[in-house]
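Have a look at the structure below, then the notes.
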Amino acid sequence: MSVLRTLFFSALGLVGAVAPVAAQDLMDPHPLAGVVDELRIGIHAHSVDSTMLPFSVQNWDLSHIEDVSFDVLFTSPDLDAFRWVGAPRPEIGATINLGDGDSIAHLGLTWQLPVFETPFYLEGTFGAAINDGYLTGAPEGRKNFGCRVNFYERFGVGANLSENMTATLTYEHTSNNGWCDANDGLSNFGLRVGWKF
């Protein structure tokens, strides 16, 4: 089992252990409030495409729903530099493939834009991702990532289901922009459900 999978299942066990208590206290002041803004878990179709932008939907392969994700979105720091660039939320997370595919762990900044006075929002993330895949010489069905650490982008459309719960359809992508010997992009599509503090 890869290091990423071990970390994911350890984190999942921790979340499972504290979830009942967290659910009871979600509406009360919480020790993570002010630091952690939102926790998300998700399920995704693996490697639906290889492009950065989700424009070729008609060519997507949605037959491999075998990824799970876990993300922690932190409160945007109270700093002028962050306010100047739109107050993004720092985040760290992982998308773990439960089949024979590639997994990633990522960190980045997430911007969210409300859609007028509705519960809907648009979202974008930019950062870096580390993968557990092949750099070159991958067997059929696997990616040649070229670099161990690549760029990470994610685009989403979501809704605030309640004061404390969100649902976001996301398209995430990692690749290296041709800076390494190989550059097989990995793009996953799925649903992330979030709990806000």
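Just a few scattered comments:
- The string of couplings for the stretch 51-57 from the Karplus curve (6.51, -1.76, 1.60, θ = phi - 60°) is 8, 6, 9, x, 9, 9, 4 Hz, one whole number per residue in order, with x for Gly and Pro.
- Taking the square roots of five times each eigenvalue of the Cα gyration tensor of the stretch 122-197, the equivalent ellipsoid has semi-axes of 30, 12, 9 Å, listed largest first.
- Note on Glu140 and Asn177: the model spin-label points, each 7 Å out from Cα along the C-beta direction, lie 3.5 nm apart.
- Alpha carbon Rg of the stretch 80-144, scaled by the compact-globule rule 2.2 N^0.38 Å: 1.54
- Size of the stretch 66-195: Rg and Dmax of its alpha carbons, in Å, are 15.8, 50.
- The spacing between the stretch 48-124 and the stretch 130-163, judged by their C-alpha centroids, is 11 Å.
- Computed P(r) (all Cα pairs; the stretch 46-87; 10 Å bins; percent): 22, 25, 24, 26, 3
- Relative contact order of the stretch 78-149, pairs being alpha-carbon contacts under 8 Å that are 6 or more residues apart, as %: 23
- Peptide packing for 87-94, 170-177 was compared via the average number of neighbouring C-beta atoms within 10 Å per residue; ordered from the highest value, the list is 170-177, 87-94.
Quick note: the coordinates plus some simple rules give every number you see, no bench work behind them. Predicted model only: the values in this text are computed from it and were never measured. Don't worry about glycine lacking a Cβ; one is built from the backbone with ideal geometry, like all the others, and counts go over all protein chains shown.
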